[in-house]
Ligand code: ADP
Ligand code: MG
Ligand code: ZN
């Protein structure tokens, strides 16, 4: 509509200019003075007239001094007859050359036709603009099916290369080959090797998949077409498929090139998994991707890289050889890799001398590359807020908690009673954890509210962990219940708050996994219960499918029940045995709000609570 208004204004301006031109023609014509016959006759007799041109019903008179005059003829008689009638002698008339000109020149035509043409022109222009309007909309509608991929050309901007990706040694090695393929396809084709068509990067969110794909393009120096899985799918059926087609066409034109489809699970989900809802569009899009990947020659120089954090939901057809036959799994960084990632992101930040990135890496198990980048960014922001010139360890440590638990809410006002409940709750978690041998050491506990939590108890393993043992799982359930148990035993069952609900959820989740996924129960056979399959039913995702009988379900429930009850009993025993320690911890928390690992361990030692060793 806006566009139309703009065009309309242009149209009006054009017409105004035209009208101006026309009227200037009109004004030009009677530029010369109009005189009557009497004047002309006297001028002739005075011998002033040089010549007379006859233009239709006018006579243009040129005088000897150069002035021009117009005389309007009043009848059909010729000029000479009229002049004779006015008493001009034939002698005098002979001296003046009289020329009859055809007054059908440009100005005559413009003057006659324009009044008719103008409205026609106006209507024509209007129609033309309207047609343009419509065809613009049409073009846009057609452009819908065009790929919206963003292209990064190798010569553009700062390149991302493998040097910008810390760690991931194996993944980089795997991709090094792809880079070689792109750089030097001949070497491989001469050996009869087929260049892989697709590489699938799998890994948790923030682990650097997108970064790695970019680095491959940068390293090989080829253009990079970037599109996210969700961008294929629009409201209209068929758009996704046509976008896929256009994306691959573009890629083939600029080959060698990398087509990067990020978050491919958005379109590449297992087909036919939808119940009660049509997923035609997604399936068509996926089919088109499969067709395109089959369609291009193996050595055309186009390599498709895609990334997902849900490889489990991908359609098996995507994983078949000849498509994404190279799969690169990216895992969360270990301590050394974390240190390297921190180094990369600390490059442009003024860190204080005392900051040891190794220590930060030790404190951040389970952090992804994106978390670490975010952590250092938060620390810099904090340093600016504190008007420091350098980022110190303090800021970084504080940012770790912020990244883990959300920002502190110091302004959050809570009553003295709630503070006491929170203090005992957190002390309960910490005490139970400390009295059990296999739990991770407590790093910090606090009753300052953060994010959604009223307070928090932070525990963290001393080294990177990839497994959890059965004993650890049981103890973790007990620790999760520590707050709940402490609240009841200190304030009485009726004073139990709604605070521990997320703890209970955690305990339940752990217990279910213990029994159903890890075969850790004593009495049930070591098998898994429940199929984690993606189903979409009436728009809701159902991630679990029952593959066991009703009877089995009862036994599972009983096992979970037993496990959680035992954990509660264990926590209650610890709270009862070390009640003095619990009181002391709560007191200290109320006084100091936050206890660091060292302070906490000192208090525990003083109160005779020692972490048993297994
Ligand atoms: P994903 O696509 O796996 O979700 P990204 O590739 O978008 O994750 O990573 C997000 C950010 O995290 C990157 O832009 C980068 O700053 C940082 N990052 C992740 N992994 C690394 C790494 N190995 N080295 C350096 N930076 C990393
Ligand atoms: Mg990504
Ligand atoms: Zn809790």
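Coordinate-derived values only; no laboratory data. Bear in mind that the values here come from a model prediction, so they are computed numbers and not experimental data. Virtual Cβ from ideal backbone geometry, glycine too; neighbours counted across all protein chains shown.
Using 10 Å bins from zero, what percent of all Cα-Cα pairs in the range 150-329 falls into each bin?
Taking every Cα pair in the range 150-329, the percentages come to 10, 39, 36, 12, 2, 0.
Considering only C-alpha atoms, what is the centroid distance from the range 330-353 to the range 35-79, in Å?
If we compute the Cα centre of each part, the gap is 100 Å.
With each run of n ≥ 4 DSSP H residues scored as -39500 (n - 2.57), what mean residue ellipticity at 222 nm is computed for the chain after dividing by its residue count and rounding to the nearest 500 deg cm²/dmol?
Helix contribution divided over all residues of the chain: -16500 deg cm²/dmol.
For the chain, go through all pairs of different Cα atoms, get the mean of 1/r, take its inverse, and jot down that Kirkwood value in Å.
In the chain this quantity evaluates to 32.8 Å.
For the range 309-398, what size does the Cα cloud have along each of its three principal axes, sorted from largest down, in whole Å?
Per principal axis, max minus min of the Cα coordinates gives 56, 23, 20 Å.
Between residue 494 and residue 547, what is the FRET efficiency for a Förster distance of 60 Å, r being their Cβ-Cβ separation, to the nearest 0.05?
With R0 = 60 Å, the Cβ-Cβ based efficiency is 0.90.
Taking the simple approach of a point 7 Å from Cα along Cα-to-Cβ for both residue 505 and residue 408, what is their distance in nm?
2.6
Determine the percent antiparallel among the DSSP beta bridges restricted to the chain, to the nearest 5.
50
Defining a contact as two alpha carbons under 8 Å apart and six or more residues distant in sequence, what relative contact order in percent does the chain show?
10
If you count the DSSP beta bridges with both ends in the range 150-329, what percent of them are antiparallel, to the nearest 5?
Roughly 15 percent of the DSSP beta bridges within the range 150-329 come out antiparallel.
Just want to confirm a number: the relative contact order over the range 361-453, from Cα pairs under 8 angstrom separated by 6+ residues, in percent.
27
Sort largest first and round to whole Å: the equivalent ellipsoid semi-axes of the range 416-606, each the square root of five times a Cα gyration tensor eigenvalue.
Gyration-tensor ellipsoid for the range 416-606: 33, 18, 16 Å.
Tell me, what are the semi-axes, in whole angstrom and largest first, of the equivalent ellipsoid of the range 152-225 as set by the roots of 5 times the Cα gyration tensor eigenvalues?
Whole-Å semi-axes of the equivalent ellipsoid: 21, 16, 10.
With an 8 Å cut-off on Cα pairs and a minimum separation of 6 or more residues, tell me the relative contact order of the range 416-606 in percent.
Result for the range 416-606 is 28 percent.
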